[in-house]
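The values are calculated or read from the model by the stated rules, or taken from the named source; none is laboratory data. Predicted model, so just to flag it, every value in this text is computed and none were measured. We place every Cβ from the backbone using ideal geometry, glycine too, and count neighbours over all the protein chains shown. Surface areas here come from the heavy atoms of the whole protein model, side chains and all, with no ligands, DNA or RNA. Shrake-Rupley method; radii C 1.70, N 1.55, O 1.52, S 1.80 Å.
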Amino acid sequence: MAAAGTIRYWAAAKSAAGTAEEPYEAATLAEALEAARERHSARPEFARVLRGCSFLVDGSPVGLRGHDTVTLTTGGTVEVLPPFAGG
């Protein structure tokens, strides 16, 4: 069952998406990211930037887990974090 929440984009991901945040309606992180790629298909840089990003779901790092195994919650937040320079 799909959940509804917010995707927040940071730094290069924000620039590539052309927005700081947008809603999601998806059951898993994989579904939410695929829908975001489709929404931003006119911005090819978005898909490229997304491939290098790390993700936090409700404040917890996704790490190496498969995105299709990460369940989203209603009212939840997905943070999209591109690599940061300088540590």
Condition check for F84: open to solvent by less than 50 Å² (accessible area, probe 1.4 Å) and not polar (S, T, N, Q): no
Residue that is farthest from E21 (Cα to Cα), among those in region 68-79 that are open to solvent by less than 90 Å² (accessible area, probe 1.4 Å) and in a loop (DSSP other than H, G, I, E, B): V70
Looking only at region 13-33, and only at residues there that are open to solvent by 50 Å² or more (accessible area, probe 1.4 Å) and in a helix (DSSP H, G or I), the one that is farthest from S60 (Cα to Cα): S15
Unique match (being part of a loop (DSSP other than H, G, I, E, B), modelled with pLDDT of 95 or more and open to solvent by 60 Å² or more (accessible area, probe 1.4 Å)) among R37, R65: R65
Cross-chain or 6+ apart pairs with Cβ under 6 Å, region 33-62 first and closer than 14 Å to P82 by Cβ, then charged (D, E, K, R) and surrounded by 12 or more Cβ atoms within 10 Å (Cβ to Cβ): A47/R37; L56/E79
Residue list for region 46-60, filter: open to solvent by 90 Å² or more (accessible area, probe 1.4 Å) and touching a helix residue (DSSP H, G or I) at 6+ places or on another chain (Cβ under 8 Å): R48
